[in-house]
Amino acid sequence: MSNNIERINPDQLHSTPGYHHITVVQAGRTAYLSGQCPLDTTGEVVAKGDLDGQIDQVAANALTALNAVAAGPEHVVRSVIYVVSQDEEVLAKAWDRLNDSVIAPAFSTASTLLGVAQLGYPGQLIEVDLTAALPE
């Protein structure tokens, strides 16, 4: 973890399933990643109908994007996860799979998980939006 990132869970707030309520970043460069979608290099949605397969693709894409700016998942300071579902079990499984993925450290920070009705590509079931404090 970068020395300029501090993650906090105040005792007065509820416990969390792995994320932190507050992420503080000392002044520095920040990268705002576009929502990472389950697209392959040709721009096609992968694993249509398979949330796990799409999560794996999103995680791989996010890692590639972070690496392109000399960052890793440990530099992420904010994540927003969109899942096409209103089922709490599906949302929880998506959270768990992301926390077992190659970008798992990204979700120890300030995070939001949302169930939504639809995303931008036909067949798309998940999108992950990340903000990273770039290492010096």
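The values are calculated or read from the model by the stated rules, or taken from the named source; none is laboratory data. Remember, it's a predicted structure, so these values are computed and weren't measured experimentally. Note that we place each Cβ from the backbone using ideal geometry, even for glycine, and neighbour counts take in every protein chain shown. Side chains are part of the model used for accessible areas, which takes the heavy atoms of the whole protein and leaves out ligands, DNA and RNA. Shrake-Rupley method; radii C 1.70, N 1.55, O 1.52, S 1.80 Å.
Remarks
- The ratio of the alpha-carbon radius of gyration of region 17-82 to the globular-protein estimate 2.2 N^0.38 Å is 1.26.
- Among beta bridges that DSSP assigns inside the chain, antiparallel share in %, nearest 5: 70 percent
- Residues whose amide H falls under 5 Å from that of Gln36, counting only those 5 or more places apart or on a different chain, are Val128, Asp129, Leu130, with hydrogens built in the peptide plane.
- Near the amide H of Ser111, within less than 5 Å, lie the amide hydrogens of His20, Ser79, all on another chain or at least 5 residues away, with H placed in the peptide plane.
- Evaluated with a Cβ-only charge set (Lys, Arg +1; Asp, Glu -1), region 27-136 carries a dipole of roughly 340 debye about its Cα centre, given to the nearest 20.
- Helix axis angle, 51-68 relative to the chain longest principal axis, alpha carbon, degrees: 50 degrees
- Among beta bridges that DSSP assigns inside region 67-136, antiparallel share in %, nearest 5: 50 percent
- Based on protein heavy atoms only, the chain ends up with 54 Å² per residue of surface accessible to a 1.4 Å probe.
- Cut-off 14 Å between beta-carbons: net charge of the residues surrounding Gln54, Lys and Arg +1, Asp and Glu -1: -3
- Using a probe radius of 1.4 angstrom, the carbon and sulfur fraction of the accessible surface of the chain is 50%.
- Gain on full extension, evaluated as 0.36 nm per residue between Val24 and Val116 minus their Cα-Cα distance, stands at 30.3 nm.
- Under Karplus coefficients 6.51, -1.76 and 1.60, residue-wise ³J(HN,Hα) of region 89-106 in Hz, glycine/proline x: 5, 5, 4, 5, 5, 4, 4, 4, 5, 4, 6, 10, 8, 5, 10, 3, x, 5
- Taking Cβ atoms as reference points and 10 Å as the exclusive limit, the residues near Gln36 contribute a net charge of -2, counting Lys and Arg as +1 and Asp and Glu as -1.
- Summarising the amide proton neighbourhood of Thr30: residues at separation of 5 or more, or on other chains, whose placed amide H is nearer than 5 Å comprise Leu134.
- Calculated on the alpha-carbon coordinates, the convex hull of the chain measures out at 103 cubic angstrom per residue.
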